[in-house]
Amino acid sequence: MRLPRMIAVALAGAAVVAPAAACSSDEPAPGRNPQAAVASPTPTPTPEPTHPFTGLPGAARRPVLTAKIENTSAGKPQLGLKSADIVYVTQVEAGLTRLIAVFSSKIPAKIGPVRSARISDLHLAPQFGRPAFAYSGAQTKMLPFIAEASLFDVSDSRAPGAYFRQPGRYAPYNLFADTRKLLAAAPKASRASDIGLTFGDAPAEGGTPRKTYSVRYPAARFTFGWSEKAGKWLIWQDGEKDMAAEGGQLGAPTIVVQYTRTERSQFHDKNQSYTPLVHTTGRGRAVVLRDGKAFKARWSRAKEKDGTVFTTESGEPMNFAPGQVWIVLAAPRPVTP
């Protein structure tokens with residue numbers, strides 16, 4: 001009785017081994033790569049995340065630091081602007097302009113000259129969450145508005161240890177700040193997130209070749225000139241090259257001229273010159289300069305906590321060139337100081 005059982009087991013073992021033997025006898029044809037049959041397709045690499053403020057590769061989402069920077073000849077050259085992700089140009093009293101520099105992907109060690117805040121700054125801040133906001137002073141009746149604004153106050157009165165007087169310059173144009181200390185004073189500052197900007201190829205149609213484009217304020221004039229060699233729009237102000245303290249002329253791959261309703265606010269300076277209120281919510285027209293062309297565009301921002309969306313006139317996303325962006329907030333017509 002045991003012999004048939006042994007035969008059955010042997011037959012079963014043969015049935016298991018037979019397919020393996022068949023596989024081992026499958027020799028590749030002459031000239032064929034023996035690994036070809038088992039090679040797996042190369043996986044498609046996952047694109048590296050880009051920064052929402054610049055469109056450049058970099059997944060780091062550092063805290064957002066904003067700063068009010070002087071923009072008259074007395075305060076130039078400014079320090080730190082070359083590292084900013086976004087630079088806003090806004091009108092202030094007497095038809096002059098100041099800058100709001102936004103830092104996140106790159107944060108320079110020092111920035112300045114730092115100057116006083118304006119009411120329009122508070123309306124721009126919420127799209128960044130609660131950024132750290134560096135400034136030096138404000139009109140007394142504006143202080144309650146700053147206290148309620150969507151930002152962390154790291155002014156020279158709130159974080160005095162972060163500020164210093166730069167040798168070789170004179171007050172009030174010599175106040176500079178240490179960015180590490182500014183951010184240390186705002187440990188809960190919001191990190192960079194989507195604010196509506198899109199980056200990529202320029203629209204296939206609609207761009208007009210331009211070598212220069214100018215924007216006038218009542219007491220200031222900007223000219224942006226395309227440099228093929230630099231791959232950016234170089235900046236002139238009031239007929240002079242806009243130079244950086246770090247060296248070289250300021251410029252950016254994308255310049256946005258955002259036409260916004262601008263009116264008198266309830267605030268004014270000591271000379272009774274009114275403070276403009278720049279409305280950055282709503283919708284309007286814009287001109288986007290990139291790649292040596294000017295594109296007519298539209299902008300919209302429904303609420304202050306929303307980012308600003310730029311589209312072509314046909315409603316498609318208006319892509320910016322990757323890199324720094326300057327957004328020039330200009331009235332449709334010059335506003336008298």
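The values are calculated or read from the model by the stated rules, or taken from the named source; none is laboratory data. This structure is a prediction, so every number in the text was calculated from the model and none was measured. Neighbour counts are summed over all protein chains in view; Cβ atoms, including those assigned to glycine, are modelled from backbone coordinates with ideal geometry.
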Exercise for review: Go through the residues of region 253-264 one by one and say whether even a single one is surrounded by fewer than 18 Cβ atoms within 10 Å (Cβ to Cβ), at pLDDT 95 or above and assigned to a loop (DSSP other than H, G, I, E, B).
Suggested key: no
Check your understanding: Do you know which residues across region 217-228 are assigned to a strand (DSSP E or B) and either of a type in the set (A, V, I, L, M) or touching a Phe, Trp or Tyr at 6+ places or on another chain (Cβ under 8 Å) (or both)?
Key -> Ala220, Phe222, Thr223, Phe224, Gly225, Trp226, Ser227
Study note, to complete from the structure: (1) in a helix (DSSP H, G or I); (2) in contact (Cβ under 8 Å) with a residue 40 or more places away in the chain; (3) out of contact with any Pro (no Cβ under 8 Å at 6 or more places or on another chain) all hold for Leu122 apart from (2)
**Study point:** Residue that is farthest from the chain's Cα centre (by Cα) [pool: residues in region 280-303 that are in a loop (DSSP other than H, G, I, E, B), at negative phi and surrounded by 15 or more Cβ atoms within 10 Å (Cβ to Cβ)]
**Key:** Thr281
Practice item. Check off (1) assigned to a loop (DSSP other than H, G, I, E, B); (2) at pLDDT 95 or above; (3) touching a Gly at 6+ places or on another chain (Cβ under 9 Å) for Ser314 and give me the number that stays unchecked. Key: (2)
Review point. Which residue pairs have Cβ atoms closer than 8 Å, lie 6 or more positions apart in sequence or on different chains, and pair a first residue in region 190-211 that is farther than 14 Å from Val288 by Cβ and among the polar types (S, T, N, Q) with a second residue that is modelled with pLDDT of 95 or more and part of a loop (DSSP other than H, G, I, E, B)?
Key: Ser190/Val64; Ser190/Gly129; Ser190/Arg130; Ser190/Pro131; Ser193/Pro52; Ser193/Gly129
Point to revise | Test result for Gly247, without any contact (Cβ under 8 Å) to a residue 12 or more places away in the chain, over 20 Å from Leu124 (Cα atoms) and either within 20 Å of the chain's Cα centre (by Cα) or not in a strand (DSSP E or B) (or both) | key: yes
Exercise for review: Using the structure shown, decide if Gly247 is on the phi > 0 side of the Ramachandran plot and either among the β-branched types (Val, Ile, Thr) or modelled with pLDDT of 95 or more (or both).
Suggested key: yes
Point to revise | Among the residues listed as Asp306, Asp269, the single one being surrounded by fewer than 18 Cβ atoms within 10 Å (Cβ to Cβ), within 15 Å of His123 (Cβ to Cβ) and in contact with a helix residue (DSSP H, G or I) (Cβ under 8 Å, 6 or more places away or on another chain) | key: Asp306
Check your understanding: In this structure, is Val287 over 22 Å from Gly58 (Cα atoms), β-branched (Val, Ile, Thr) and touching a Lys or Arg at 6+ places or on another chain (Cβ under 7 Å)?
Key -> yes
Practice item. Could you please give the count of residues in region 173-189 that are without any contact (Cβ under 8 Å) to a residue 60 or more places away in the chain and more than 18 Å from Pro108 (Cβ to Cβ)? Key: 2
Practice item. Just give me the residues in region 125-153 being at pLDDT 95 or above and either closer than 26 Å to Ser73 by Cα or part of a loop (DSSP other than H, G, I, E, B) (or both), in sequence order. Key: Gly129, Arg130, Pro131, Phe133, Ala134, Tyr135, Ser136, Ala149, Ser150, Leu151
Study note, to complete from the structure: Taking region 83-102 and keeping only residues that are without any contact (Cβ under 8 Å) to a residue 40 or more places away in the chain and assigned to a strand (DSSP E or B), one is left with Arg98, Leu99, Ile100, Ala101
Exercise for review: Name every residue in region 211-240 that is of a type in the set (D, E, K, R) and crowded, with 16+ Cβ neighbours inside 10 Å, in order of residue number.
Suggested key: Lys232
Point to revise | Candidate set: region 161-197, residues that are under 19 Å from the mean Cα position of the chain (by Cα) and part of a loop (DSSP other than H, G, I, E, B); chosen: the one farthest from Gly307 (Cα to Cα) | key: Ala189
Exercise for review: For Thr275, indicate whether it is closer than 17 Å to Thr90 by Cα and assigned to a loop (DSSP other than H, G, I, E, B).
Suggested key: no
Check your understanding: When the residues of region 106-135 are filtered to those that are small (Gly, Ala, Ser), surrounded by fewer than 21 Cβ atoms within 10 Å (Cβ to Cβ) and within 19 Å of Ala184 (Cβ to Cβ), which remaining residue is farthest from the chain's Cα centre (by Cα)?
Key -> Ala109
